[in-house]
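The structure appears right after this line, and notes come after that.
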Amino acid sequence: MSRRCFLPASLIRVAALMLTLTASASALADDVTEGPTDMFGAGMQRMPAWVGSKDHRNQAIPYIQAELPWHITLSTLDGLTVDLIHGDQWRGGLYGNYMWGRDRQELGPKLGGVVDSLSPRINGGGYLEYQATAQLNLGTELSHDTQGAGAYLNLYADYDLPAIGYLNHSLQLQWQAMNGPAMRRFFGVTPDQATKLDIDPWSPGAGGQQVALEYDAYMPTSLHTGFAFAVNYTRLLGDTANSSLVRSYGSRNQLTTTLAFVYRL
């Protein structure tokens, strides 16, 4: 549910094609001591089995972080952006991302077949970002499900930490809110489900859904290769944390870790 969500295979194939077309025109990579530029690779992500779960699952993931032509940025961590505003301090434009769902296996034997399975979804909207200093970016994203009634608001701050040797790293703080349909999709419990699970029914309204702190790092192993690492701690808030589904079968504390081996152009 955070900004850190991976894009579907169809967009990955488009990105790979665009990277191939642009790589031939790219200059040699910057010095290894400088920050990463265009990168792609693969890795593993350990994430909650479902949003709010206390159990985890391992997911193989692609990794892409690329600045493409026409002011397009594609990231399997941050989504897709198309800049319509691209000044020295202000950036903004179109935004899209991919949200994991949950299937019966991920819900587990107690919840599977009782709690609704949810298919993954793509949401789209817009974003606006302000570079307050050379290290600090402040931004907001507003998006809506392309198939569904969910709407999402993210406020975030990114801060580049001082490099430690070859290690480039940063912190991100994010707050996210949802409208009522999105909250009920992920955290609602119908009276029939509540009876079967012996818990209270829950129908949350719109409001703050979570706050998250993430640490991201890139350690080169050569001029063109390296490891990308991320750890994300999320704290569920309000009606999300108070959901009987989360209180009885999950946890308001969510941890996601990602490790990928990448090639840098």
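The values are calculated or read from the model by the stated rules, or taken from the named source; none is laboratory data. Since we're looking at a predicted model, the values are computed, not measured. Glycine also receives a Cβ, built like all others from the backbone with ideal geometry; neighbour counts cover every protein chain displayed. Heads up: the accessible areas ignore ligands, DNA and RNA and are worked out on the full protein's heavy atoms, side chains in. Shrake-Rupley method; radii C 1.70, N 1.55, O 1.52, S 1.80 Å.
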### Task
Read phi for every residue in region 207-221 and hand back ³J(HN,Hα) as whole Hz from Karplus 6.51 cos²θ - 1.76 cosθ + 1.60, θ = phi - 60°, with x for Gly and Pro.
x, x, 9, 6, 10, 9, 10, 10, 10, 10, 9, 9, 10, x, 10
### Task
State the percentage of accessible surface on the chain attributable to carbon and sulfur atoms; use a 1.4 Å probe and exclude ligands, DNA and RNA.
60 percent
### the chain: C-alpha pair distances exceeding 33 Å, %
22 percent
### Query
How do D239, D216 rank by accessible surface area computed with a 1.4 Å probe, from largest to smallest?
D239, D216
### Task
Could you provide, to the nearest whole Å², the per residue accessible area of the chain with probe 1.4 Å?
48 Å²
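Between A163 and T195, what FRET efficiency follows from the Cβ-Cβ distance if R0 is 51 Å, with the result rounded to 0.05?
0.35
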### Task
Could you check the simple spin-label distance between Y98 and A60, using points 7 Å along Cα→Cβ, in nm with one decimal?
1.4 nm
### Query
Hey, if we sort L138, L107 by accessible area with the 1.4 Å probe, largest down, what's the order?
L138, L107
### Task
Whole Å is fine, so just give me how far the alpha carbon centre of region 130-156 lies from that of region 209-250.
16 Å
### Task
Show the residues, 5+ positions off or on another chain, whose built amide H is closer than 5 Å to the amide H of Y263.
F40, G41
### Query
Roughly how big is region 88-211's charge dipole about its Cα centre, with Cβ charges of +1 (Lys, Arg) and -1 (Asp, Glu), in debye to the nearest 20?
300 debye
### Query
Local charge sum around R102 (other residues, Cβ-Cβ under 15 Å, Lys/Arg +1, Asp/Glu -1)?
+3
